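Following: one structure in structure tokens, then a few remarks.
The values are calculated or read from the model by the stated rules, or taken from the named source; none is laboratory data. If you're wondering where the values come from, they're calculated on a predicted model, not measured in any experiment. A quick note on method: Cβ atoms are made from the backbone with ideal geometry, for glycine too, and the neighbour counts reach across all protein chains shown.
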Amino acid sequence: MTVKSVFAGFGGQGVLLMGYILAFTGMRIGKHVTYLPSYGAEVRGGTANCTVVVSDQEIASPVASSPDFAVVMNNPSLIRFATVVRSGGGLLLNDDLVHSPVKRDDLTVLRIPVSTIAHQLGEDRSANVVMVGAFAEMSQVAPLEAFKEALADTGLGKKAKVLEINRKALDAGAEAVRQAMKKEKSA
Amino acid sequence: MTKQLMRGSHVLGEAAVRAGCRYYFGYPITPQNEVPEYLSGRLLEVGGTFVQAESELSSINMVIGAAMAGGRVMTSSSSPGISLKQEGISYLAGQEMPAVIANMIRGGPGLGNIAPAQSDYFQATRGGGHGDYRCLVLAPASCQELCDLTFSAFDLADKYRNPVMILGDGLMGQMMEPVEFPEPVDPAALPKKDWILDGAKGRPSRIILSMLLDPKRLEAHNYKLTRKYDAMTAAEQRWEEYQCDDALLVVVAYGTAARIVKGAIKRVREMGLKVGLFRPISLYPFPKEPLSRLTQRVRQVLVFEMSSGQMVEDVQIAVKSQAEVHFYGRPGGVIPTPEEVAHQISHYYHNAHLAQGEAADGRRAGGAA
Amino acid sequence: MKQVFHKPKSLKPAIYHYCPGCGHSIIHRLVAEVIDELGIQEKTVGVPPAGCAVLAYNYFDVDMGEAPHGRAVAVATGIKRVLPDRVVFTYQGDGDIAAIGTGGAVHAANRGEKITVLFINNGVYGMTGGQMAPTTVAGMNSTTTPGGRDVARDGYPLDLTQMLAVAGGSVYLERVAVNSPKNIKKAKKAIKKAFQAQLDGLGFSLVEILSTCPTNWKMSPIKAMEYIDQSMSKVFPLGVIKDKTGYDEKQGEES
């Protein structure tokens, strides 16, 4: 199995960290991974994105021209990435900021209010980790437990309290996706 | 040793430190700024020296000085900066000073852009600066290989007393992949060099120079260098053959382009096309003999580069008239997709009637039975 | 019989290729005498320039490493950073350090690289045949300034040493000349002080030495010596330009 994902948003939303957590988790469970951030003048401008490939096989190109998933944290990124996701792929949107309609009917689109959920958890800064939990559930690229374990060895694992709240954030994101999927099915 | 998830630029720096490199002299340029950023801190930890010079010119000349004094030394830059360093690289070659230079190639000519490209192949493999010389050039295609080649580059530089160039691109510098690092080398445990300038204590004074005003002496010196390049050619050709055993067409590509080709081969193999990859890892010396052997059997060759065609000339020299050599390139920093390359492979494969040839063979086999 | 004059140990038994009346021969001797007197022959590494003194390695009996034109301070920086307890000096002409190598000189001084620069200013590109140097004084003839240097056309003579005075890491800068016994004595004192500053790890030291090039100046050796007094030292006045060594104060206390 090979899963190619793009994470995109404003600089400061923790977009690159989201991709890093995924790549790091993938590596920890023995998969081949590549992580490629956008770089150069672009990064310093304000928008940020990265591409992560997780695979059972050696990865050819770390660039994804038609990713399986796009995780979109702001409106400008929706415009840029909604069109490139492969047919049948998934689109995960930050419902607190992204309100534009998606003009494709060949994708699974889930809208998760990650900022609201993070706020309810008492840590606004964990919105990106909530989104990682949502992505884990939606993509099934790795078990949620693997993400939780891996988190301890990223920058978020330095303080026990921070680690704890971010593990809760992963759970909350995954749960939000399960609820959203149920709604999708019943709709 | 556990794997670490690290970006290419940091991998380069870490592998250098582990190889015993303690001196880095550089100047900022995108897309390789993470190399000096990493080493500025890392070299402090191991008691090394990091200098951000005022220019590319000064940084490469500091490298010359550090090499003369016996230090394991490196610099890094990207295309326009490497152009500026060429005079110094020519001196390193003429003076036979060991040093490692990394070029994370960006789109050119001129200021170009900061996207990944392979357009400095000629510059790297033909010397690059003035005079009759070569650098040993290594082109990794993954972060792990970047680590391994950087680690051995310092030994090769010392072995041949010659500059060694690591040829990557912007993508390789930015990309993160899991890497397993080798155990660190203690610089104090490295073999002592008997030619360095460290003060003539208890021995006659030494001179290091490339200037030989007498043409006969310079000629002798150039022949000595040539013999060294011949020795490199005999001992240091590195390459990878991927799915070449049954191939009717091979793609020749290196570095990032070779990764894309692997993705393309997966696609065309699914369609039943027998295609392999020949990936040069050492660009100088170019793996001429193995490619020549391969093309005694495989008569269709497609060269793919992220440039408008440079390595293709070395392929033609190696292949001679044994096989038909085609070229596909994307210059300017464009990263082609595996689908696009697969399309090109399929085009040349069918143009050469390889699919039909196979069918004909099949009929003959059937008739015989 | 007592020997009162001998060849410095740090000079090889070679015959100079320099022209009659050329200042390089005098300066080489002064540098070698200073190296001998400080007892540092076995720990000194020299970096000669591109220019007439490119063959300096034939004369100095210390380790010598060649630098590209204008890059001697960078090469010296590399050597010194690897071997901080050695003494590293560069020997550079005016074209080398004040034209093509200006940037390197300014930044090495500013970083306070613990090296010593001997800057030989003879107002002309000697080895290439007498072209205008950054330090050619107004009105002076060169092969690329027909009718003499015209500042409106060719720009002004550049005082590099003065420029280096504003660099935070320079500790000792002095301008001397080698055109009279008195000046030669002063020059040697300055060179010794510059090496001492390096030995004491104080920072960047440089001695600018006004020197003669009778061949390219198209003068007799004696006329050339006089020209330094009459013309060059008017534009480039002799004396200490910067001294943060504190050596003179110490001497004052002792005496």
The lone exception for A:ARG80 - which of (1) within 13 Å of chain B (Cβ to nearest Cβ); (2) outside any strand (DSSP E or B) it fails: (1)
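Residue-by-condition table, conditions (1) within 30 Å of B:SER142 (Cα to Cα); (2) surrounded by fewer than 22 Cβ atoms within 10 Å (Cβ to Cβ); (3) touching a helix residue (DSSP H, G or I) at 6+ places or on another chain (Cβ under 7 Å); (4) in contact (Cβ under 8 Å) with a residue 60 or more places away in the chain:
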residue: A:SER61; (1), (2), (3), (4): yes, no, yes, no
residue: A:ALA64; (1), (2), (3), (4): yes, no, no, yes
residue: A:PHE81; (1), (2), (3), (4): yes, yes, no, yes
residue: A:VAL109; (1), (2), (3), (4): no, yes, no, no
residue: A:PRO113; (1), (2), (3), (4): no, yes, no, yes
residue: A:THR116; (1), (2), (3), (4): no, yes, no, no
Residue in region B:340-352 that is closer than 15 Å to B:GLY276 by Cα and of a type in the set (Gly, Ala, Ser) present: yes
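Please find, within region B:320-336, the residue that is nearest to the other protein chains (Cβ to nearest Cβ) out of those that are in contact (Cβ under 8 Å) with a residue 60 or more places away in the chain and surrounded by fewer than 17 Cβ atoms within 10 Å (Cβ to Cβ). I'd like the intermediate steps shown before the answer.
Of all residues in region B:320-336, those in contact (Cβ under 8 Å) with a residue 60 or more places away in the chain come to B:331-336.
Subset that is surrounded by fewer than 17 Cβ atoms within 10 Å (Cβ to Cβ): B:332, B:334.
Numbers: B:GLY332: 15, B:VAL334: 11 Å.
It comes out as B:VAL334.
Conditions (1) acidic (Asp, Glu); (2) outside any helix (DSSP H, G or I); (3) facing another protein chain (nearest Cβ under 7 Å), marked per residue:
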| position | (1), (2), (3) |
| --- | --- |
| C:ARG29 | no, no, no |
| C:GLU33 | yes, no, no |
| C:ALA50 | no, yes, no |
| C:LEU55 | no, no, no |
| C:HIS69 | no, yes, no |
| C:VAL73 | no, no, no |
| C:THR77 | no, no, yes |
| C:PRO84 | no, yes, no |
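Which one is farthest from the other protein chains (Cβ to nearest Cβ), of the residues in region B:33-60 that are in contact with an Asp or Glu (Cβ under 8 Å, 6 or more places away or on another chain) and either free of Cβ contacts under 8 Å to residues at least 12 places away in the same chain or crowded, with 21+ Cβ neighbours inside 10 Å (or both)? If you could, list the steps in order and put the result at the bottom.
Step one: filter region B:33-60 for residues in contact with an Asp or Glu (Cβ under 8 Å, 6 or more places away or on another chain), giving B:38, B:42, B:57, B:60.
The next check asks that each one be either free of Cβ contacts under 8 Å to residues at least 12 places away in the same chain or crowded, with 21+ Cβ neighbours inside 10 Å (or both); those that pass are B:38, B:57, B:60.
Values: B:TYR38: 15, B:LEU57: 7, B:ILE60: 8 Å.
By that ranking, first place goes to B:TYR38.
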Among (1) under 22 Å from A:GLN140 (Cα atoms); (2) within 10 Å of chain B (Cβ to nearest Cβ), which single condition is A:SER38 missing? (1)
Helices (runs of 4 or more DSSP H) wholly in region A:105-187 with at least 1 residues that are within 17 Å of A:LEU91 (Cβ to Cβ) and modelled with pLDDT under 95 - which ones? A:160-186
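Can you confirm whether region B:165-177 contains a residue that is touching a Pro at 6+ places or on another chain (Cβ under 9 Å), away from chain A (no Cβ under 14 Å) and under 30 Å from B:SER307 (Cβ atoms)? Even if it seems obvious, please write down each step before you answer.
Of the residues in region B:165-177, the ones touching a Pro at 6+ places or on another chain (Cβ under 9 Å) are B:166-177.
Next cut, away from chain A (no Cβ under 14 Å) only: B:166-167.
Keeping just the survivors that are under 30 Å from B:SER307 (Cβ atoms) gives B:166-167.
For region B:165-177, residues touching a Pro at 6+ places or on another chain (Cβ under 9 Å), away from chain A (no Cβ under 14 Å) and under 30 Å from B:SER307 (Cβ atoms): present.
Please count how many residues of region B:113-125 are in contact with a strand residue (DSSP E or B) (Cβ under 9 Å, 6 or more places away or on another chain) and either surrounded by 24 or more Cβ atoms within 10 Å (Cβ to Cβ) or modelled with pLDDT of 95 or more (or both).
Within region B:113-125, the subset in contact with a strand residue (DSSP E or B) (Cβ under 9 Å, 6 or more places away or on another chain) is B:113-121, B:123-125.
Add one more test, that the residue is either surrounded by 24 or more Cβ atoms within 10 Å (Cβ to Cβ) or modelled with pLDDT of 95 or more (or both), and what stays is B:116-121, B:123-125.
Counting residues in region B:113-125 that are in contact with a strand residue (DSSP E or B) (Cβ under 9 Å, 6 or more places away or on another chain) and either surrounded by 24 or more Cβ atoms within 10 Å (Cβ to Cβ) or modelled with pLDDT of 95 or more (or both) gives 9.
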Quick one: in region B:106-122, of everything that is within 14 Å of chain A (Cβ to nearest Cβ) and in contact (Cβ under 8 Å) with a residue 60 or more places away in the chain, which residue is farthest from B:VAL35 (Cα to Cα)? B:GLY112
Residues to consider are B:GLY173, B:GLY199; find the one that is crowded, with 16+ Cβ neighbours inside 10 Å, small (Gly, Ala, Ser) and within 29 Å of B:PHE327 (Cβ to Cβ). B:GLY173
Quick one: in region C:128-140, of everything that is surrounded by 17 or more Cβ atoms within 10 Å (Cβ to Cβ) and assigned to a loop (DSSP other than H, G, I, E, B), which residue is nearest to the chain's Cα centre (by Cα)? C:THR135
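Evaluate the following for C:GLY103: is it within 30 Å of C:ASN141 (Cα to Cα) and part of a loop (DSSP other than H, G, I, E, B)? I'd like the intermediate steps shown before the answer.
On the way: within 30 Å of C:ASN141 (Cα to Cα): yes; part of a loop (DSSP other than H, G, I, E, B): no.
In short, no.
Test B:ILE82 against the stated conditions and say whether it is more than 14 Å from chain C (Cβ to nearest Cβ), of a type outside the set (Gly, Ala, Ser), in a loop (DSSP other than H, G, I, E, B) and in contact (Cβ under 8 Å) with a residue 24 or more places away in the chain. Explain how you work it out, then say what you get.
Details: more than 14 Å from chain C (Cβ to nearest Cβ): yes; of a type outside the set (Gly, Ala, Ser): yes; in a loop (DSSP other than H, G, I, E, B): no; in contact (Cβ under 8 Å) with a residue 24 or more places away in the chain: yes.
Answer is no for this residue.
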Selection status of B:GLY276, away from every other protein chain (no Cβ under 14 Å), surrounded by fewer than 17 Cβ atoms within 10 Å (Cβ to Cβ) and of a type outside the set (A, V, I, L, M): no
Considering region B:234-253, residues that are closer than 14 Å to B:VAL341 by Cα and in contact (Cβ under 8 Å) with a residue 60 or more places away in the chain, and then whichever is nearest to the other protein chains (Cβ to nearest Cβ), we arrive at B:VAL251
Residue that is facing chain C (nearest Cβ under 10 Å) and outside any helix (DSSP H, G or I), where the choices are B:GLY20, B:GLY70, B:GLY88, B:GLY65: B:GLY70
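When only residues in region C:22-65 that are among the β-branched types (Val, Ile, Thr) and surrounded by 21 or more Cβ atoms within 10 Å (Cβ to Cβ) count, which is farthest from C:PRO8 (Cα to Cα)?
C:VAL47
Quick one: in region A:46-72, of everything that is within 15 Å of A:SER5 (Cβ to Cβ), of a type in the set (S, T, N, Q) and not in a strand (DSSP E or B), which residue is farthest from the other protein chains (Cβ to nearest Cβ)? Outline the logic, then answer.
Start the filter on region A:46-72 by keeping residues that are within 15 Å of A:SER5 (Cβ to Cβ), which leaves A:48-55, A:59, A:61-72.
Checking which are of a type in the set (S, T, N, Q) leaves us with A:49, A:51, A:55, A:61, A:65-66.
From what is left, the residues that are not in a strand (DSSP E or B) are A:61, A:65-66.
Details: A:SER61: 5, A:SER65: 4, A:SER66: 8 Å.
In this case the residue turns out to be A:SER66.
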What are the pairs, 6+ residues apart or on separate chains, where a residue within region B:187-212 that is more than 10 Å from chain C (Cβ to nearest Cβ) has its Cβ under 7 Å from a residue that is in a loop (DSSP other than H, G, I, E, B) and surrounded by 15 or more Cβ atoms within 10 Å (Cβ to Cβ)? B:PRO187/B:GLY20; B:PRO187/B:ARG22; B:PRO187/B:ARG72; B:LEU190/B:GLY20; B:LYS193/B:GLY70; B:TRP195/B:ARG206
Could you grab me the full set of residues in region B:23-32 that are of a type outside the set (Gly, Ala, Ser) and away from every other protein chain (no Cβ under 12 Å)? B:PRO28
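Just a yes or no: is a residue in region C:73-85 buried (at least 21 other Cβ atoms within 10 Å of the Cβ) and more than 22 Å from B:ARG206 (Cβ to Cβ)? Reasoning before the result, please.
Taking region C:73-85 and keeping what is buried (at least 21 other Cβ atoms within 10 Å of the Cβ), we get C:73-83.
Cutting the leftovers down to more than 22 Å from B:ARG206 (Cβ to Cβ) gives us none.
Within region C:73-85, none of the residues are buried (at least 21 other Cβ atoms within 10 Å of the Cβ) and more than 22 Å from B:ARG206 (Cβ to Cβ).
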Counted residues, region C:123-173 - those being at pLDDT below 95, in contact with a helix residue (DSSP H, G or I) (Cβ under 6 Å, 6 or more places away or on another chain) and small (Gly, Ala, Ser): 2
Within region C:142-162, is there a residue that is in contact (Cβ under 8 Å) with a residue 12 or more places away in the chain, of a type in the set (Asp, Glu) and loosely packed, with under 15 Cβ neighbours inside 10 Å? yes
Which residue pairs have Cβ atoms closer than 9 Å, lie 6 or more positions apart in sequence or on different chains, and pair a first residue in region A:1-26 that is assigned to a loop (DSSP other than H, G, I, E, B) with a second residue that is among the β-branched types (Val, Ile, Thr)? A:MET1/A:VAL54; A:MET1/A:VAL141; A:GLY11/A:VAL43; A:GLY11/A:THR47; A:GLY14/A:VAL129
Can you tell me which condition C:MET1 does not meet? The list is (1) farther than 21 Å from C:VAL207 by Cβ; (2) modelled with pLDDT of 95 or more, and all the others hold. (2)
